[in-house]
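First the structure, which I've put down as structure tokens, then a few questions once you've had a look.
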Amino acid sequence: MPKPVTVEAPTGGHTMTLLPPRPDHCQECATKHEPDLPHNAQSLYYGTKFQMEHKRSPTWTDAMAHCTPEMKKIWVEELRAAGVDVKGGKVNPEAGRGKKKG
């Protein structure tokens, strides 16, 4: 069974523990996907774990780092078609825009 990720906060000496995902899900992003596909860059688990380990937010480029060049090309094309600035590090172009209902 995977071990929890524990880090000490930069100030105050507090620690944070992130419990591992379900065994049948990706252990990096807590999403059920095939190993050759990118991690879910929009996953709260992936974002939190990545931030804890790398001290920055993840990008789709990070989520695709383990993929083949062919797979990366497909995903970059589709993400761009969906309005995602992959090179600019955007994960969700709609985040924080406060869409109006109606």
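The values are calculated or read from the model by the stated rules, or taken from the named source; none is laboratory data. Since this is a predicted model, take the numbers as computed values, not measurements. Cβ atoms come from the backbone with ideal geometry, glycine included; neighbour counts cover every protein chain shown.
Would you confirm whether any residue within the range 50-60 is touching a Ser or Thr at 6+ places or on another chain (Cβ under 8 Å) and either assigned to a loop (DSSP other than H, G, I, E, B) or at pLDDT below 95 (or both)? Spell out how you get there, then give the answer.
First, the residues of the range 50-60 that are touching a Ser or Thr at 6+ places or on another chain (Cβ under 8 Å): 50-51.
When the remaining residues are screened for being either assigned to a loop (DSSP other than H, G, I, E, B) or at pLDDT below 95 (or both), the result is 50-51.
Yes: one or more hits.
So, His25, is that one of a type outside the set (Lys, Arg) and modelled with pLDDT under 95 or not? Full working, then the answer.
Working: of a type outside the set (Lys, Arg): yes; modelled with pLDDT under 95: no.
Against the criterion (of a type outside the set (Lys, Arg) and modelled with pLDDT under 95), His25 does not qualify.
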